[in-house]
Amino acid sequence: WSVLGDSPAVWLARGGQEPTQIATGSVYELALNDQSLFWLDDQGIVWRYDFADGSRRSLGDERCAGLIAQGPRAAAVCGGEQPETSWLVGTPGRPTVFEGERRITIPSTEGLTIAGLELYGNRLAWVEYPPEVGCRNQFEPGSLRGVSLLAPDAPRELAPVRSGCWCCDAYWPALQISLSERGVAWNYPMIDGPEDYPAAASVGWALFEDCK
């Protein structure tokens, strides 16, 4: 966990042992996987603590956001400047996967906002939106994209999506994606009809083809 205040730090506790301070300084996001603890410092740099040997190091010098972890990997959106409206839904940059000390940058459309980054097994999924999504126009279209980490240079468009009215004076859920071994689900699916509002109360889903 992270502690803020006069002496910000990251602490780690293991069963039957006293908590250990493993880093000091401002920490903005934390994520755990099977092998490591990842966090972002106040410059958006990703750091990794290895549970096996206790080593700690930064993973590159790019600013990142949206840190997640699952299984043997972690991921974030890296390389983009954090916009003033980053509280809305996402951040510019490219989906980036951290596999031990290895760093995999996934191709994405330049200049778009990345939202809902999700990682499961060998799959990564995200949505690409226009910049300033949710403020320029209501219900802007976006693209749900996915990639197999066995072929990280070949992401595919999975489905069109809508956006929420994230600059309205009302609560709109953030874009969310859920991945599993068999399929993917997301909110704000593209709904046929004259009104956009049903997309805000609907769920889209798809199953992966079982390829031999």
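The values are calculated or read from the model by the stated rules, or taken from the named source; none is laboratory data. The shown structure was predicted, so the numbers you read here are calculated from the model rather than taken from an experiment. Neighbour counts run over all protein chains shown; Cβ positions are idealised from the backbone, glycine included. Just the protein is used for accessible areas: all its heavy atoms, side chains included, with ligands, DNA and RNA removed. Shrake-Rupley method; radii C 1.70, N 1.55, O 1.52, S 1.80 Å.
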Cα-centred dipole magnitude for the chain, charges only on beta-carbon of K, R (+1) and D, E (-1), debye, nearest 20: 500
Per residue value of the accessible surface for the range 1-43 (all protein chains in place, 1.4 Å probe), Å²: 63
Distance between modelled label sites at residue 26 and residue 122, nm, 7 Å Cα→Cβ extension: 4.1
37 °C / 0.692 mPa s Stokes-Einstein diffusion coefficient of the range 8-60, Kirkwood radius on C-alpha pairs, µm²/s: 287
Three principal axis lengths of the range 1-124 [C-alpha, angstrom, descending]: 46, 35, 22
Distance histogram for the chain (every C-alpha pair counted, 10 angstrom bins, percent rounded to whole numbers): 8, 32, 33, 20, 6, 1
Farthest toward positive dipole pole in the range 5-92 [+1 Lys/Arg, -1 Asp/Glu at C-beta], among 78, 51, 8: 51
Label point at residue 109 placed 7 Å out along Cα→Cβ; residues across the range 175-192 whose backbone nitrogen lies under 16 Å: 190
Added length on full extension, which subtracts the Cα-Cα distance from 0.36 nm per residue, residue 208 to residue 34: 60.1 nm
Added length on full extension, which subtracts the Cα-Cα distance from 0.36 nm per residue, residue 154 to residue 56: 32.1 nm
Range in the chain, longest, excluding exposed chymotrypsin sites (Phe, Trp or Tyr not before Pro) [loop by DSSP; at most 10 other beta-carbon atoms within 10 Å]: 2-86
Modelled FRET efficiency - R0 41 Å, residue 12 with residue 191, Cβ distances, 0.05 increments: 0.35
